[in-house]
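A.B. asks: Let me give you the structure first, and then I'll get to my questions.
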Amino acid sequence: MTPPRLRFAPSPTGYLHVGGARTALFNWLYARRHGGQFLLRVEDTDKARSTDASTRAIFEGLEWLGLRWDEEVVYQGASAARHRADAERMVANDHAYRCFCTAADLDFRRKLAEANEGAFKYDRRCDELDRADVARRVAAGEPNVIRFRVPEGSTGWTDLVHGEISFPNKDIEDFVVLRSDGTPIYNMAVTSDDIAMRITLVMRGDDHISNTPKQIMIYRALGEALPQFAHLPMIHGNDGKKLSKRHGATAVADWQHEGILPQAMVNFLSLLGWSPGGEFDEVMSIDELIAKFDASGLRKTASVFDTKKLEWMNGQHLVRMPLGELSPLVRRKLASAGLATEADLAARPEWFNALLELLRVRARTVDDIVRQARPFLSDTVGYDETAAARAWKDTADARALLAAAREVLAACALWEHAALETDLKSLAEARGLGVGKLFGPMRVALTGEANSPGMFDVLILLGRDVALFRLDAAIRELDRRTG
Ligand code: GLU
(Lines give C-alpha, C1' and ligand atoms only; values in the text may rest on other atoms or scores of the structure.)
Protein backbone atom coordinates (compact mmCIF):
# COMPACT_ATOMS: atom_id res chain seq x y z
CA MET A 1 0.00 0.00 0.00
CA THR A 2 1.45 3.35 -0.99
CA PRO A 3 0.89 6.03 1.61
CA PRO A 4 -2.14 8.21 0.82
CA ARG A 5 -1.75 11.74 -0.46
CA LEU A 6 -4.45 14.26 0.33
CA ARG A 7 -4.82 17.94 -0.20
CA PHE A 8 -6.73 20.95 1.03
CA ALA A 9 -7.53 23.24 -1.88
CA PRO A 10 -8.96 26.55 -0.67
CA SER A 11 -9.82 29.43 -2.96
CA PRO A 12 -8.16 32.50 -1.40
CA THR A 13 -11.20 34.73 -1.60
CA GLY A 14 -11.84 35.31 2.10
CA TYR A 15 -10.83 34.26 5.59
CA LEU A 16 -10.46 30.65 6.70
CA HIS A 17 -14.05 29.64 7.39
CA VAL A 18 -14.77 26.95 9.98
CA GLY A 19 -16.14 24.73 7.18
CA GLY A 20 -12.86 25.02 5.29
CA ALA A 21 -10.94 24.36 8.48
CA ARG A 22 -13.01 21.21 9.07
CA THR A 23 -12.19 19.99 5.53
CA ALA A 24 -8.49 20.75 6.05
CA LEU A 25 -8.54 18.98 9.41
CA PHE A 26 -10.16 15.79 8.09
CA ASN A 27 -7.63 15.63 5.24
CA TRP A 28 -4.79 16.23 7.69
CA LEU A 29 -6.05 13.66 10.20
CA TYR A 30 -6.50 11.04 7.51
CA ALA A 31 -2.99 11.66 6.17
CA ARG A 32 -1.49 11.53 9.67
CA ARG A 33 -3.44 8.44 10.66
CA HIS A 34 -2.33 6.52 7.57
CA GLY A 35 1.25 7.77 7.36
CA GLY A 36 0.53 9.77 4.22
CA GLN A 37 0.99 13.34 3.05
CA PHE A 38 -1.18 16.37 3.49
CA LEU A 39 -0.67 19.00 0.79
CA LEU A 40 -1.91 22.52 0.39
CA ARG A 41 -3.02 23.96 -2.93
CA VAL A 42 -4.11 27.55 -3.24
CA GLU A 43 -6.75 27.73 -5.97
CA ASP A 44 -5.99 31.24 -7.14
CA THR A 45 -7.10 30.96 -10.75
CA ASP A 46 -9.88 33.49 -10.18
CA LYS A 47 -7.53 36.47 -10.25
CA ALA A 48 -10.30 38.99 -9.68
CA ARG A 49 -11.39 37.47 -6.37
CA SER A 50 -8.14 36.00 -5.01
CA THR A 51 -6.09 38.13 -2.65
CA ASP A 52 -2.72 37.77 -0.92
CA ALA A 53 -4.35 38.82 2.34
CA SER A 54 -6.74 35.90 2.09
CA THR A 55 -3.89 33.47 1.26
CA ARG A 56 -2.06 34.73 4.35
CA ALA A 57 -5.19 34.39 6.50
CA ILE A 58 -5.58 30.77 5.35
CA PHE A 59 -1.94 29.97 6.15
CA GLU A 60 -2.23 31.62 9.57
CA GLY A 61 -5.46 29.79 10.36
CA LEU A 62 -3.97 26.42 9.43
CA GLU A 63 -0.79 27.14 11.35
CA TRP A 64 -2.74 28.18 14.42
CA LEU A 65 -4.67 24.91 14.30
CA GLY A 66 -1.39 23.03 13.92
CA LEU A 67 -2.27 21.62 10.49
CA ARG A 68 1.17 21.64 8.89
CA TRP A 69 1.34 20.76 5.23
CA ASP A 70 4.05 18.45 4.00
CA GLU A 71 5.36 19.89 0.76
CA GLU A 72 5.71 23.32 -0.81
CA VAL A 73 2.41 25.11 -1.26
CA VAL A 74 1.08 24.62 -4.80
CA TYR A 75 -0.41 27.68 -6.48
CA GLN A 76 -2.94 26.67 -9.09
CA GLY A 77 -2.42 29.83 -11.11
CA ALA A 78 1.23 28.87 -11.71
CA SER A 79 0.28 25.72 -13.63
CA ALA A 80 -1.77 27.27 -16.44
CA ALA A 81 0.58 25.82 -19.07
CA ARG A 82 0.00 22.27 -17.77
CA HIS A 83 -3.76 22.77 -17.58
CA ARG A 84 -3.75 23.84 -21.18
CA ALA A 85 -1.46 21.01 -22.28
CA ASP A 86 -3.76 18.48 -20.58
CA ALA A 87 -6.80 19.96 -22.30
CA GLU A 88 -4.99 19.78 -25.65
CA ARG A 89 -3.93 16.21 -24.94
CA MET A 90 -7.62 15.33 -24.72
CA VAL A 91 -8.20 16.91 -28.12
CA ALA A 92 -5.30 14.90 -29.51
CA ASN A 93 -6.63 11.62 -28.10
CA ASP A 94 -10.18 12.41 -29.24
CA HIS A 95 -11.87 12.95 -25.89
CA ALA A 96 -12.37 16.64 -26.54
CA TYR A 97 -12.84 18.93 -29.50
CA ARG A 98 -12.49 22.57 -30.50
CA CYS A 99 -15.63 24.63 -30.49
CA PHE A 100 -15.92 27.90 -32.39
CA CYS A 101 -19.42 28.85 -31.25
CA THR A 102 -19.28 32.39 -29.90
CA ALA A 103 -20.75 33.42 -26.58
CA ALA A 104 -23.37 35.48 -28.41
CA ASP A 105 -24.33 32.47 -30.55
CA LEU A 106 -24.69 30.22 -27.56
CA ASP A 107 -26.67 32.80 -25.69
CA PHE A 108 -29.09 33.15 -28.57
CA ARG A 109 -29.49 29.37 -28.87
CA ARG A 110 -29.95 29.03 -25.14
CA LYS A 111 -32.73 31.61 -25.08
CA LEU A 112 -34.39 30.00 -28.06
CA ALA A 113 -34.25 26.55 -26.46
CA GLU A 114 -35.59 27.86 -23.22
CA ALA A 115 -38.47 29.53 -25.02
CA ASN A 116 -39.32 26.31 -26.87
CA GLU A 117 -38.40 22.99 -25.32
CA GLY A 118 -36.87 24.00 -21.99
CA ALA A 119 -33.29 23.35 -20.88
CA PHE A 120 -30.45 24.07 -23.28
CA LYS A 121 -27.76 21.50 -23.93
CA TYR A 122 -24.88 22.09 -26.30
CA ASP A 123 -25.82 20.37 -29.56
CA ARG A 124 -22.29 19.27 -30.51
CA ARG A 125 -22.36 21.08 -33.79
CA CYS A 126 -18.61 21.80 -33.65
CA ASP A 127 -17.94 18.11 -33.08
CA GLU A 128 -19.25 17.56 -36.61
CA LEU A 129 -16.67 19.87 -38.17
CA ASP A 130 -14.22 18.52 -40.62
CA ARG A 131 -10.71 18.11 -39.14
CA ALA A 132 -9.02 20.02 -41.92
CA ASP A 133 -11.51 22.84 -41.45
CA VAL A 134 -10.80 22.92 -37.70
CA ALA A 135 -7.03 22.99 -38.32
CA ARG A 136 -7.43 25.84 -40.79
CA ARG A 137 -9.59 27.92 -38.44
CA VAL A 138 -7.20 27.36 -35.53
CA ALA A 139 -4.23 28.30 -37.71
CA ALA A 140 -6.08 31.43 -38.80
CA GLY A 141 -6.39 32.41 -35.15
CA GLU A 142 -10.15 32.03 -34.88
CA PRO A 143 -11.10 32.03 -31.18
CA ASN A 144 -12.17 28.65 -29.88
CA VAL A 145 -12.73 26.78 -26.64
CA ILE A 146 -12.05 23.13 -25.92
CA ARG A 147 -15.09 21.04 -25.05
CA PHE A 148 -15.05 17.64 -23.46
CA ARG A 149 -16.96 15.01 -25.40
CA VAL A 150 -19.17 13.40 -22.76
CA PRO A 151 -19.51 9.68 -23.50
CA GLU A 152 -22.70 7.60 -23.31
CA GLY A 153 -23.63 5.77 -20.13
CA SER A 154 -23.23 6.93 -16.59
CA THR A 155 -20.42 8.04 -14.32
CA GLY A 156 -20.19 6.89 -10.75
CA TRP A 157 -17.90 6.25 -7.85
CA THR A 158 -17.95 4.78 -4.37
CA ASP A 159 -17.85 7.78 -2.11
CA LEU A 160 -16.20 7.16 1.26
CA VAL A 161 -19.01 9.13 2.91
CA HIS A 162 -22.08 8.53 0.76
CA GLY A 163 -21.40 5.14 -0.78
CA GLU A 164 -22.39 4.57 -4.42
CA ILE A 165 -23.11 7.76 -6.37
CA SER A 166 -23.87 7.76 -10.08
CA PHE A 167 -24.95 10.37 -12.62
CA PRO A 168 -26.42 9.62 -16.05
CA ASN A 169 -24.10 11.19 -18.61
CA LYS A 170 -27.03 12.37 -20.71
CA ASP A 171 -27.62 15.06 -18.08
CA ILE A 172 -24.15 16.48 -18.62
CA GLU A 173 -23.50 18.51 -21.74
CA ASP A 174 -20.17 18.59 -23.53
CA PHE A 175 -18.57 20.97 -21.07
CA VAL A 176 -15.86 23.50 -21.75
CA VAL A 177 -12.46 22.65 -20.27
CA LEU A 178 -10.38 25.45 -21.78
CA ARG A 179 -11.55 28.98 -22.53
CA SER A 180 -10.69 30.79 -25.73
CA ASP A 181 -7.99 32.77 -23.88
CA GLY A 182 -6.28 29.48 -22.99
CA THR A 183 -7.26 29.51 -19.30
CA PRO A 184 -8.72 26.36 -17.78
CA ILE A 185 -12.23 25.88 -16.46
CA TYR A 186 -12.32 24.95 -12.77
CA ASN A 187 -12.81 21.19 -13.24
CA MET A 188 -9.91 21.02 -15.69
CA ALA A 189 -7.53 22.83 -13.34
CA VAL A 190 -8.53 20.77 -10.30
CA THR A 191 -8.18 17.44 -12.10
CA SER A 192 -4.91 18.34 -13.79
CA ASP A 193 -3.51 19.45 -10.42
CA ASP A 194 -4.77 16.44 -8.50
CA ILE A 195 -3.10 14.21 -11.09
CA ALA A 196 0.16 16.17 -10.98
CA MET A 197 0.15 16.13 -7.17
CA ARG A 198 -0.55 12.37 -7.19
CA ILE A 199 -3.55 12.79 -4.92
CA THR A 200 -5.05 9.44 -3.89
CA LEU A 201 -8.03 10.67 -1.89
CA VAL A 202 -10.01 13.82 -2.65
CA MET A 203 -11.87 14.83 0.48
CA ARG A 204 -13.94 18.01 0.26
CA GLY A 205 -17.34 19.55 0.91
CA ASP A 206 -20.36 17.87 -0.64
CA ASP A 207 -21.10 21.03 -2.61
CA HIS A 208 -18.55 19.53 -5.02
CA ILE A 209 -20.45 16.28 -5.67
CA SER A 210 -21.84 17.62 -8.94
CA ASN A 211 -18.31 18.41 -10.18
CA THR A 212 -17.06 14.90 -9.53
CA PRO A 213 -18.50 13.12 -12.61
CA LYS A 214 -16.87 15.70 -14.88
CA GLN A 215 -13.58 15.29 -13.06
CA ILE A 216 -13.80 11.50 -13.30
CA MET A 217 -14.38 11.76 -17.06
CA ILE A 218 -11.26 13.92 -17.36
CA TYR A 219 -9.16 11.41 -15.39
CA ARG A 220 -10.31 8.65 -17.72
CA ALA A 221 -9.72 10.70 -20.83
CA LEU A 222 -6.19 11.40 -19.67
CA GLY A 223 -5.65 7.70 -18.95
CA GLU A 224 -5.10 8.28 -15.23
CA ALA A 225 -6.14 6.12 -12.29
CA LEU A 226 -8.99 7.58 -10.24
CA PRO A 227 -8.44 8.75 -6.69
CA GLN A 228 -10.98 7.93 -4.03
CA PHE A 229 -13.53 10.58 -3.19
CA ALA A 230 -15.09 11.58 0.11
CA HIS A 231 -17.66 14.37 0.21
CA LEU A 232 -18.20 15.83 3.65
CA PRO A 233 -21.69 16.97 4.62
CA MET A 234 -22.51 20.57 5.33
CA ILE A 235 -22.23 22.35 8.64
CA HIS A 236 -25.41 23.98 9.92
CA GLY A 237 -26.09 26.57 12.59
CA ASN A 238 -28.20 25.43 15.53
CA ASP A 239 -31.39 26.46 13.70
CA GLY A 240 -30.68 23.79 11.06
CA LYS A 241 -29.80 26.34 8.38
CA LYS A 242 -26.49 26.52 6.51
CA LEU A 243 -23.88 28.07 8.80
CA SER A 244 -23.47 31.78 8.16
CA LYS A 245 -22.46 34.96 9.95
CA ARG A 246 -25.98 35.14 11.40
CA HIS A 247 -24.97 32.30 13.69
CA GLY A 248 -21.95 34.14 15.11
CA ALA A 249 -18.28 33.98 14.24
CA THR A 250 -17.54 31.76 11.25
CA ALA A 251 -13.89 32.72 10.79
CA VAL A 252 -11.37 30.55 12.57
CA ALA A 253 -9.42 33.69 13.50
CA ASP A 254 -12.45 35.14 15.32
CA TRP A 255 -12.53 32.14 17.64
CA GLN A 256 -8.80 32.46 18.16
CA HIS A 257 -9.35 36.04 19.30
CA GLU A 258 -12.22 34.96 21.56
CA GLY A 259 -9.70 32.92 23.55
CA ILE A 260 -10.50 29.49 22.10
CA LEU A 261 -7.53 27.11 22.24
CA PRO A 262 -6.42 25.53 18.97
CA GLN A 263 -6.61 22.02 20.45
CA ALA A 264 -10.22 22.66 21.52
CA MET A 265 -11.11 24.01 18.08
CA VAL A 266 -9.53 20.96 16.44
CA ASN A 267 -11.37 18.61 18.79
CA PHE A 268 -14.67 20.42 18.23
CA LEU A 269 -14.28 20.48 14.42
CA SER A 270 -13.29 16.81 14.39
CA LEU A 271 -16.76 15.88 15.64
CA LEU A 272 -18.56 17.83 12.90
CA GLY A 273 -19.21 14.93 10.57
CA TRP A 274 -17.08 12.26 12.16
CA SER A 275 -17.26 10.05 15.23
CA PRO A 276 -14.90 7.38 16.50
CA GLY A 277 -17.93 5.13 17.06
CA GLY A 278 -19.29 3.32 20.14
CA GLU A 279 -19.11 4.96 23.52
CA PHE A 280 -16.41 7.55 23.53
CA ASP A 281 -15.14 10.54 25.44
CA GLU A 282 -15.72 13.60 23.27
CA VAL A 283 -12.72 15.37 24.71
CA MET A 284 -9.72 14.12 22.78
CA SER A 285 -6.17 15.30 22.32
CA ILE A 286 -4.73 15.69 18.85
CA ASP A 287 -2.76 12.47 19.25
CA GLU A 288 -5.92 10.61 20.23
CA LEU A 289 -7.74 12.04 17.22
CA ILE A 290 -4.97 10.90 14.88
CA ALA A 291 -5.03 7.43 16.40
CA LYS A 292 -8.82 7.14 16.02
CA PHE A 293 -9.58 8.98 12.80
CA ASP A 294 -10.81 6.87 9.94
CA ALA A 295 -13.11 7.09 6.95
CA SER A 296 -15.50 4.55 8.50
CA GLY A 297 -16.49 7.16 11.10
CA LEU A 298 -17.46 9.82 8.54
CA ARG A 299 -21.13 10.79 8.77
CA LYS A 300 -23.59 11.37 5.95
CA THR A 301 -25.77 13.90 7.69
CA ALA A 302 -25.14 17.58 8.25
CA SER A 303 -23.64 18.52 11.58
CA VAL A 304 -24.40 21.45 13.82
CA PHE A 305 -21.94 24.14 14.78
CA ASP A 306 -23.00 24.69 18.37
CA THR A 307 -21.02 27.56 19.85
CA LYS A 308 -22.01 26.57 23.41
CA LYS A 309 -20.46 23.19 22.81
CA LEU A 310 -17.31 24.80 21.44
CA GLU A 311 -17.02 26.85 24.62
CA TRP A 312 -17.64 23.80 26.77
CA MET A 313 -15.01 21.90 24.80
CA ASN A 314 -12.61 24.75 25.33
CA GLY A 315 -13.23 24.68 29.08
CA GLN A 316 -12.41 20.96 29.06
CA HIS A 317 -9.13 21.56 27.27
CA LEU A 318 -8.28 24.49 29.54
CA VAL A 319 -8.55 22.22 32.56
CA ARG A 320 -6.54 19.44 30.96
CA MET A 321 -3.69 21.37 29.39
CA PRO A 322 -0.31 21.47 31.13
CA LEU A 323 0.13 24.63 33.21
CA GLY A 324 3.45 25.13 31.48
CA GLU A 325 1.53 25.75 28.25
CA LEU A 326 -1.38 27.69 29.68
CA SER A 327 0.70 30.02 31.78
CA PRO A 328 2.57 31.88 28.99
CA LEU A 329 -0.67 32.17 27.04
CA VAL A 330 -2.52 33.85 29.91
CA ARG A 331 0.54 35.94 30.83
CA ARG A 332 0.62 37.37 27.33
CA LYS A 333 -3.08 38.21 27.41
CA LEU A 334 -2.86 39.76 30.86
CA ALA A 335 0.04 41.89 29.69
CA SER A 336 -1.78 43.06 26.59
CA ALA A 337 -4.84 43.85 28.73
CA GLY A 338 -2.52 46.05 30.82
CA LEU A 339 -3.24 44.07 34.00
CA ALA A 340 0.35 43.05 34.70
CA THR A 341 3.70 42.77 33.03
CA GLU A 342 4.91 39.40 31.83
CA ALA A 343 8.07 39.85 33.91
CA ASP A 344 6.05 40.46 37.11
CA LEU A 345 4.06 37.32 36.60
CA ALA A 346 7.06 35.26 35.61
CA ALA A 347 8.75 36.40 38.84
CA ARG A 348 6.14 34.67 41.03
CA PRO A 349 5.43 31.41 39.22
CA GLU A 350 3.98 29.52 42.19
CA TRP A 351 1.47 32.21 43.00
CA PHE A 352 0.53 32.59 39.37
CA ASN A 353 0.11 28.86 38.85
CA ALA A 354 -2.09 28.65 41.95
CA LEU A 355 -4.22 31.45 40.53
CA LEU A 356 -4.47 29.70 37.17
CA GLU A 357 -5.48 26.41 38.80
CA LEU A 358 -8.33 28.16 40.56
CA LEU A 359 -9.53 30.20 37.63
CA ARG A 360 -9.29 27.68 34.84
CA VAL A 361 -11.87 25.34 36.36
CA ARG A 362 -14.32 28.25 36.36
CA ALA A 363 -13.50 29.49 32.85
CA ARG A 364 -14.54 28.53 29.34
CA THR A 365 -12.03 30.66 27.49
CA VAL A 366 -8.64 32.21 28.11
CA ASP A 367 -10.43 35.56 28.07
CA ASP A 368 -12.63 34.38 30.96
CA ILE A 369 -9.46 33.67 32.93
CA VAL A 370 -8.16 37.14 32.16
CA ARG A 371 -11.43 38.72 33.32
CA GLN A 372 -11.48 36.72 36.52
CA ALA A 373 -7.83 37.45 37.24
CA ARG A 374 -8.37 41.20 37.38
CA PRO A 375 -9.13 41.46 41.14
CA PHE A 376 -5.99 39.49 41.93
CA LEU A 377 -3.73 41.76 39.93
CA SER A 378 -4.95 45.30 40.49
CA ASP A 379 -4.40 47.36 43.63
CA THR A 380 -8.01 48.29 44.10
CA VAL A 381 -11.27 46.76 42.95
CA GLY A 382 -14.30 48.38 41.40
CA TYR A 383 -17.59 47.11 42.80
CA ASP A 384 -20.02 45.40 40.47
CA GLU A 385 -23.21 47.32 41.28
CA THR A 386 -25.60 44.38 41.08
CA ALA A 387 -23.32 42.32 43.31
CA ALA A 388 -22.94 45.21 45.79
CA ALA A 389 -26.68 45.94 45.84
CA ARG A 390 -27.37 42.33 46.81
CA ALA A 391 -24.55 41.53 49.18
CA TRP A 392 -24.51 44.92 50.90
CA LYS A 393 -28.26 45.45 50.88
CA ASP A 394 -28.35 46.50 54.49
CA THR A 395 -25.33 48.76 54.58
CA ALA A 396 -25.13 48.97 58.37
CA ASP A 397 -25.21 45.19 58.75
CA ALA A 398 -22.69 44.71 55.98
CA ARG A 399 -20.39 47.29 57.51
CA ALA A 400 -20.53 45.59 60.89
CA LEU A 401 -19.80 42.20 59.35
CA LEU A 402 -16.85 43.48 57.35
CA ALA A 403 -15.41 45.23 60.38
CA ALA A 404 -15.71 42.05 62.43
CA ALA A 405 -14.14 39.98 59.65
CA ARG A 406 -11.32 42.47 59.39
CA GLU A 407 -10.61 42.13 63.07
CA VAL A 408 -10.59 38.33 62.93
CA LEU A 409 -8.37 38.28 59.86
CA ALA A 410 -5.91 40.78 61.27
CA ALA A 411 -5.51 38.53 64.29
CA CYS A 412 -5.56 35.15 62.52
CA ALA A 413 -2.45 33.27 63.61
CA LEU A 414 -1.65 31.60 60.31
CA TRP A 415 -2.59 32.80 56.82
CA GLU A 416 -3.54 29.39 55.56
CA HIS A 417 -6.68 27.45 54.76
CA ALA A 418 -7.34 25.61 58.03
CA ALA A 419 -6.71 28.57 60.31
CA LEU A 420 -8.73 30.96 58.17
CA GLU A 421 -11.57 28.48 58.03
CA THR A 422 -11.67 27.94 61.82
CA ASP A 423 -11.58 31.64 62.60
CA LEU A 424 -14.15 32.76 60.03
CA LYS A 425 -16.51 29.91 60.90
CA SER A 426 -16.43 30.84 64.56
CA LEU A 427 -17.13 34.46 63.63
CA ALA A 428 -20.17 33.40 61.64
CA GLU A 429 -21.36 31.16 64.47
CA ALA A 430 -20.86 33.88 67.05
CA ARG A 431 -23.13 36.11 64.97
CA GLY A 432 -25.65 33.37 64.44
CA LEU A 433 -25.09 33.36 60.66
CA GLY A 434 -24.36 30.72 58.05
CA VAL A 435 -20.96 31.29 56.44
CA GLY A 436 -22.69 32.25 53.18
CA LYS A 437 -24.14 35.32 54.86
CA LEU A 438 -20.66 36.33 55.94
CA PHE A 439 -18.83 35.45 52.73
CA GLY A 440 -21.28 37.27 50.41
CA PRO A 441 -20.41 40.77 51.66
CA MET A 442 -16.72 39.79 52.04
CA ARG A 443 -16.54 38.53 48.47
CA VAL A 444 -17.75 41.84 47.07
CA ALA A 445 -15.32 43.70 49.32
CA LEU A 446 -12.38 41.53 48.26
CA THR A 447 -13.05 40.96 44.56
CA GLY A 448 -15.77 43.46 43.60
CA GLU A 449 -17.78 40.55 42.17
CA ALA A 450 -20.56 38.19 43.18
CA ASN A 451 -18.60 35.18 41.95
CA SER A 452 -15.05 34.15 42.63
CA PRO A 453 -13.07 31.10 43.67
CA GLY A 454 -13.65 29.86 47.25
CA MET A 455 -13.21 32.43 50.04
CA PHE A 456 -10.13 30.84 51.60
CA ASP A 457 -8.42 30.57 48.23
CA VAL A 458 -9.22 34.20 47.54
CA LEU A 459 -7.76 35.28 50.88
CA ILE A 460 -4.61 33.25 50.38
CA LEU A 461 -4.05 34.51 46.86
CA LEU A 462 -4.59 38.12 47.86
CA GLY A 463 -2.40 37.85 50.94
CA ARG A 464 -3.18 39.39 54.29
CA ASP A 465 -2.13 42.96 53.50
CA VAL A 466 -4.22 43.29 50.39
CA ALA A 467 -7.20 41.55 52.02
CA LEU A 468 -7.17 43.94 55.00
CA PHE A 469 -6.65 46.91 52.72
CA ARG A 470 -9.69 45.92 50.64
CA LEU A 471 -11.87 45.35 53.68
CA ASP A 472 -10.92 48.84 54.91
CA ALA A 473 -11.74 50.31 51.51
CA ALA A 474 -15.12 48.55 51.49
CA ILE A 475 -15.91 49.79 55.01
CA ARG A 476 -15.16 53.34 53.88
CA GLU A 477 -17.30 52.77 50.81
CA LEU A 478 -20.19 51.60 53.01
CA ASP A 479 -19.76 54.66 55.24
CA ARG A 480 -19.92 56.81 52.14
CA ARG A 481 -23.06 55.03 50.98
CA THR A 482 -24.74 55.45 54.40
CA GLY A 483 -23.92 59.15 54.08
N1 GLU B 1 -11.26 25.41 -4.26
C2 GLU B 1 -12.41 24.66 -3.95
C3 GLU B 1 -13.18 25.32 -2.84
O4 GLU B 1 -12.70 26.24 -2.26
C5 GLU B 1 -12.08 23.23 -3.51
C6 GLU B 1 -11.85 22.32 -4.63
C7 GLU B 1 -11.62 20.88 -4.24
O8 GLU B 1 -11.39 20.58 -3.06
O9 GLU B 1 -11.65 20.05 -5.13
O10 GLU B 1 -14.28 24.96 -2.55
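The values are calculated or read from the model by the stated rules, or taken from the named source; none is laboratory data. Bear in mind the structure is a predicted one, so any value in this text is a computation, not a measurement. All Cβ positions, glycine included, derive from the backbone under ideal geometry; neighbour counts span all protein chains shown. When the accessible area is computed, the model is the full protein with side chains, heavy atoms only, and any ligands, DNA or RNA have been set aside. Shrake-Rupley method; radii C 1.70, N 1.55, O 1.52, S 1.80 Å.
A.B. asks: State whether the residues of the stretch 422-429 include one that is open to solvent by 30 Å² or more (accessible area, probe 1.4 Å) and either of a type outside the set (D, E, K, R) or part of a loop (DSSP other than H, G, I, E, B) (or both).
C.D. replies: Within the stretch 422-429, one or more residues are open to solvent by 30 Å² or more (accessible area, probe 1.4 Å) and either of a type outside the set (D, E, K, R) or part of a loop (DSSP other than H, G, I, E, B) (or both).
A.B. asks: Additional query: Looking at R5, R89, can you tell me which residue is more than 16 Å from the ligand (Cβ to nearest atom) and on the phi < 0 side of the Ramachandran plot?
C.D. replies: R89
A.B. asks: Across the stretch 29-82, what is the total count of residues that are out of contact with any Ser or Thr (no Cβ under 9 Å at 6 or more places or on another chain), more than 24 Å from L298 (Cα to Cα) and assigned to a strand (DSSP E or B)?
C.D. replies: Selection size over the stretch 29-82: 1.
A.B. asks: I need the full set of residues from the stretch 307-331 which are touching a helix residue (DSSP H, G or I) at 6+ places or on another chain (Cβ under 9 Å) and either outside any helix (DSSP H, G or I) or β-branched (V, I, T) (or both), in order please.
C.D. replies: If the condition is that a residue be touching a helix residue (DSSP H, G or I) at 6+ places or on another chain (Cβ under 9 Å) and either outside any helix (DSSP H, G or I) or β-branched (V, I, T) (or both), then T307, V319, M321, V330 are the ones that fit.
A.B. asks: Go through (1) of a type outside the set (V, I, T); (2) within 16 Å of the ligand (Cβ to nearest atom); (3) open to solvent by less than 60 Å² (accessible area, probe 1.4 Å); (4) outside any helix (DSSP H, G or I) one by one and return the number of the condition R147 breaks.
C.D. replies: (2)
A.B. asks: Out of all the residues in the stretch 206-248, which are open to solvent by less than 20 Å² (accessible area, probe 1.4 Å), away from the ligand (no atom under 13 Å from the Cβ) and touching a strand residue (DSSP E or B) at 6+ places or on another chain (Cβ under 8 Å)?
C.D. replies: Answer for the stretch 206-248, where residues must be open to solvent by less than 20 Å² (accessible area, probe 1.4 Å), away from the ligand (no atom under 13 Å from the Cβ) and touching a strand residue (DSSP E or B) at 6+ places or on another chain (Cβ under 8 Å): P213, M217, A221, P233, I235, G237, L243.
A.B. asks: Moving on. Of R443, R364, which residue is open to solvent by 50 Å² or more (accessible area, probe 1.4 Å) and closer than 29 Å to W312 by Cβ?
C.D. replies: Going through R443, R364 in turn, just one is open to solvent by 50 Å² or more (accessible area, probe 1.4 Å) and closer than 29 Å to W312 by Cβ: R364.
A.B. asks: Could you grab the pairs with beta carbons closer than 7 Å, sequence gap of 6+ or different chains, first residue in the stretch 15-36 and within 14 Å of V266 (Cβ to Cβ), second one among the aromatic types (F, W, Y) and within 14 Å of the ligand (Cβ to nearest atom)?
C.D. replies: The qualifying pairs are T23/F8; A24/F8; N27/F8; N27/F38; W28/F38.
A.B. asks: Turning to a different aspect of this structure: Going through the stretch 163-205 one residue at a time, which ones are touching a residue at least 24 places away in the same chain (Cβ under 8 Å), of a type in the set (D, E, K, R) and away from the ligand (no atom under 12 Å from the Cβ)?
C.D. replies: Those that are touching a residue at least 24 places away in the same chain (Cβ under 8 Å), of a type in the set (D, E, K, R) and away from the ligand (no atom under 12 Å from the Cβ): E173, D174, R179, R198.
A.B. asks: Working only within the stretch 150-162, note down all residues that are away from the ligand (no atom under 15 Å from the Cβ), open to solvent by 20 Å² or more (accessible area, probe 1.4 Å) and not acidic (D, E).
C.D. replies: P151, G153, S154, G156, T158, H162
A.B. asks: Right, here's the next one. Consider M217 carefully, then state whether it is in contact (Cβ under 8 Å) with a residue 24 or more places away in the chain and over 16 Å from G156 (Cβ atoms).
C.D. replies: It is false that M217 is in contact (Cβ under 8 Å) with a residue 24 or more places away in the chain and over 16 Å from G156 (Cβ atoms).
A.B. asks: Testing E325 on (1) within 21 Å of the chain's Cα centre (by Cα); (2) crowded, with 16+ Cβ neighbours inside 10 Å, one condition comes back false. Which one is that?
C.D. replies: Among (1) within 21 Å of the chain's Cα centre (by Cα); (2) crowded, with 16+ Cβ neighbours inside 10 Å, E325 violates only (2).
A.B. asks: Restricting to the stretch 262-271, and then to whatever is crowded, with 22+ Cβ neighbours inside 10 Å and aliphatic (A, V, I, L, M), can you tell me which residue is farthest from A21 (Cα to Cα)?
C.D. replies: Here the answer is A264.
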